[in-house]
Amino acid sequence: MAQVFATGLAMGCIYALVGLSFILIYNATHGLNFAHGELVMLSAFVFYSAISTGAPYWAAVLMTFIAMALFGAVYQRLLFFPLRDRPMLAFVIATIGFSIFARNLALLVWGPNPLRVPSAFGSSSVDLMGVVLAPEQLFIVAVTICVLIAQYAVFFHTDLGRRLRATAQNVEMAQLMGIRPNRMIAITFVVSAVLCGIAGVLVAPIFLVDTDIGLNLILKAFIAVIIGGFGSVPGAVVGGIVVGLLEILVAVFISSVYKDSICFALLIFLLIAFPQGIFGERVAEKA
Amino acid sequence: MKNRRPASRHLSRLIASVAAVASLAIAAPTGAAAQQPVKVGVVLPLTSVLAAYGKPYQDAMQMAVDEANKTGGINGRQIELVVEDSQASNTVAINALNKVMQSDPVAVFGPALGTQILALMPMTERDKITLIGGPSTRRVSQQGAKYFFRNSPHDAISKENTTRFLVDDLGKKKIGIMHVGNEWGYSGRDNVTEFLDKLYKLKPVSIASYQPTDKDLTAQILQMQRDGADAIVIQGHPVDEALAMRQTKQLNVNVPVIGSGSLCFAYLRNLVDPADIAGRYCEAPGPLPSLSKDKSVVDFVAAYKAKTGFAPEIYTLQYYDSMGMLIEVMRKYGVDREKIREGMSQLSYKGLAGTYKADEEGNLRHDSVIMEFMPDRTVKVIREKRQS
């Protein structure tokens with residue numbers, strides 16, 4: 001049972017990271033970025049390319065984060081900025097278009113064959129009181145905790161964080177207070193893209209890198225943010241872990257065939273019965 | 001009269017010239033037709049997540065065509081491939097075939113995917129055109145199709161070999177089956193289950209499936225352990241079999257694990273660390289082409305590597321061979337669609353992977369081998385079932 005929980009927790013942390021980056025953009029723009037899975041995919045491909053240059057592991061990770069930060073800025077400038085005064089549906093449709101473009105671009109640049117990124121930990125496992133864990137799983141949990149602490153510190157203990165939160169809560173009011181919303185939104189996109197970069201770097205060695213790598217993650221992350229309460233930062237984290245645990249518990253004790261069906265049935269049930277999720281609107285507004 | 005003779009000569013020359021030009025004009029289309037290339041349609045997944053199951057086969061078939069064209073093509077006519085992308089969708093595959101058919105091909109190669117072949121089959125049967133493909137799903141060739149030829153052994157051949165290997169050779173009785181939740185996976189599961197019952201009166205102790213997009217197979221592996229499986233059969237795609245092998249190692253699964261031909265593909269495409277599969281097994285229609293000492297196979301492997309950067313696996317070799325067989329059929333029987341079907345049904349063709357001879361269902365290949373991945377990163381054939 002502990003084994004099942006440990007594995008579910010690690011997957012849940014990945015969903016939490018992706019969900020977190022997803023709702024950052026939602027909070028800043030009130031738009032849904034349907035190309036979010038593709039941002040994870042691109043970061044995994046970039047990480048593969050960086051590793052392939054023969055660069056040390058840490059340097060490849062750094063290169064990926066820098067590339068994703070730049071990408072986030074360009075993405076905001078080219079996709080969100082021109083559409084910022086249009087109905088948000090225009091942005092949503094543009095992100096769907098970008099997701100198709102990004103997948104085909106990846107196919108052209110990196111080819112159709114899945115790619116293997118070597119793991120920094122090899123394929124060894126760690127035995128913790130009878131629970132066999134892959135070192136990557138422990139690392140994912142540790143990184144997620146670090147990211148959450150860092151994000152909390154930035155958002156609640158820095159001037160930049162206050163500006164970002166002010167912009168997320170009310171753009172007009174933030175502007176009246178002397179905050180430049182466009183700049184804050186651009187920073188939010190960069191932070192979100194770097195979070196996708198972290199997720200991509202974490203999953204690339206445990207999954208093979210292909211154009212599909214982000215699709216499943218974003219679907220589960222979407223369920224996670226619904227469960228947690230749409231727009232809530234802690235909700236995304238809790239929701240991610242709930243989804244990770246739920247799917248492995250369903251797969252092990254009910255049916256591996258129906259685990260996705262049960263997860264999505266739960267999503268529909270929650271949308272109908274508890275539209276505000278676990279943390280509801282109050283926390284969402286604070287984020 | 002003296003003056004009229006040259007005039008009549010001129011007239012007769014004129015008539016002769018006109019007749020000659022006219023005869024040339026009449027003959028011209030026939031001559032041009034003789035120089036028209038012989039078109040062979042190719043419908044394969046070249047983009048989408050299934051692209052890895054298309055491009056290698058296209059490359060191999062193009063090599064066979066290039067070699068044939070250098071030696072005169074089909075009685076002086078060059079062979080031309082008309083290629084369309086089927087992506088990961090049956091609808092796209094049908095549209096691709098429609099497009100290919102507009103170029104009036106003499107035969108069509110389809111994907112190694114059972115569902116797509118089943119989608120294409122009604123059209124090729126209606127148009128009375130030979131369809132060659134490599135899906136191993138048993139029921140594909142049980143549809144009563146007259147024009148379909150399978151260039152790879154079906155699951156009933158490979159899974160009988162696998163079942164016998166696990167029970168007779170390894171002495172295992174508690175077999176667990178993990179499979180991808182699609183036609184290919186279910187075919188593997190059903191055939192292993194059938195042979196366990198038919199040959200040994202056994203039932204699988206555990207069966208777990210997963211979605212093609214699943215990356216974490218821990219739950220399925222834990223289920224195998226919980227149910228006490230003493231050997232695990234996996235039937236999936238290269239990506240998920242590679243991930244399954246890695247995750248079984250990480251979860252300290254020490255029972256024999258045998259993958260399908262997809263695992264050979266994963267091994268050759270560097271999707272799995274050789275250290276992760278040391279001691280694991282895979283089944284395939286034949287040994288890895290790179291293990292062969294036969295000069296023709298060695299030359300093919302070298303040429304394929306030079307062209308694509310990868311070593312070919314057996315399925316790629318089968319597409320190369322079956323294109324070679326089609327070329328030989330066209331040379332011997334002609335390029336008429338009905339003659340091609342007749343030739344494919346009758347000819348026994350010696351390819352690089354073995355002999356190709358159609359049975360009553362249109363299955364051309366009947367071999368199966370089990371290979372073991374050795375700790376020194378080599379691959380060894382440990383069981384063979386050859387009918388060719």
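For the reader, a short list of remarks on this structure follows.
- Mean Cβ neighbour count within 10 Å, used as a protection proxy, ranking A:36-43, A:2-9, A:210-217, A:150-157 highest first: A:36-43, A:210-217, A:2-9, A:150-157
- Paramagnetic label zone (point 7 Å from Cα along Cα-to-C-beta, A:A120; backbone N under 11 Å) in the stretch A:178-213: A:201-202
- Test item: Cα-centred dipole of the protein assembly as shown, Lys/Arg +1 and Asp/Glu -1 on Cβ, debye: 2000
- Share antiparallel - DSSP beta bridges, chain B, percent rounded to 5: 30
- Computed E for B:K380/A:T53 - FRET, C-beta separation, R0 35 angstrom, nearest 0.05: 0.50
- Coupling constants for the stretch A:146-162 follow from the phi torsions by the Karplus curve (6.51 cos²θ - 1.76 cosθ + 1.60, θ = phi - 60°), and in residue order they are 4, 4, 5, 5, 4, 5, 4, 4, 5, 6, 10, 10, 9, 5, 4, x, 4 Hz; glycine and proline get x.
- Here the simple spin-label model places points 7 Å from the Cα toward Cβ, and for B:E125 and B:N75 these points are separated by 3.1 nm.
- Between B:R139 and B:L199, the C-beta separation translates, for a Förster distance of 22 Å, into a calculated FRET efficiency of about 0.60.
- When each of the peptides A:258-266, B:123-131, A:126-134, B:40-48 is scored by the mean number of other C-beta atoms lying within 10 Å of its residues, the order from highest to lowest reads B:40-48, B:123-131, A:258-266, A:126-134.
- Cα gyration tensor shape for the protein assembly as shown, rounded if a/c is under 1.5, else prolate or oblate: oblate
- Taking every DSSP bridge with both residues inside the protein assembly as shown, close to 35 percent are antiparallel.
- When the Cα positions of A:N170, B:V298, B:M371 are compared along the charge dipole of the protein assembly as shown, B:V298 comes out farthest toward the positive end, with charges on each C-beta of Lys, Arg, Asp and Glu.
- The mean number of partner chain beta-carbon atoms within 10 angstrom of a residue's beta-carbon across peptide A:106-114 is 5.
- For the pair A:I272 and A:N170 in one chain, pulling the backbone fully straight at 0.36 nm per residue adds 34.0 nm over the alpha carbon distance.
- Comparing B:Q225, B:Q235, B:Q211 in a Gaussian network model of chain B where C-alpha atoms under 10 Å apart are linked, the largest mean-square fluctuation is found at B:Q211.
- Taking the charge dipole of the stretch B:156-284 about its Cα centre, with +1 at Lys and Arg Cβ atoms and -1 at Asp and Glu Cβ atoms, the residue from B:V167, B:Q220, B:V257 reaching farthest to the positive side is B:V167.
- Shielding by partners, peptide A:200-211 (average Cβ within 10 angstrom, other chains): 3
- Calculated FRET value between A:A2 and A:Y152, using beta carbons and R₀ = 35 Å, to 0.05: 0.80
- Computed about its Cα centre, the charge dipole of the stretch B:156-284 is approximately 280 debye, with only Lys, Arg, Asp and Glu carrying charge at their Cβ.
- The orientation-averaged projected area of the convex hull spanned by the Cα atoms of chain B comes to 23.1 nm².
- Short-range pairs are left out: with C-alpha atoms under 8 Å and at least six residues apart, the relative contact order of the stretch B:214-360 is 16 percent.
- Max mean-square fluctuation residue, GNM over chain A, Cα-Cα springs under 10 Å, options A:G228, A:G111, A:G197: A:G111
A short reminder: the numbers here are calculations on the coordinates, not readings from a lab. Everything quoted here is computed from the prediction, not taken from an experiment. All Cβ positions, glycine included, derive from the backbone under ideal geometry; neighbour counts span all protein chains shown.
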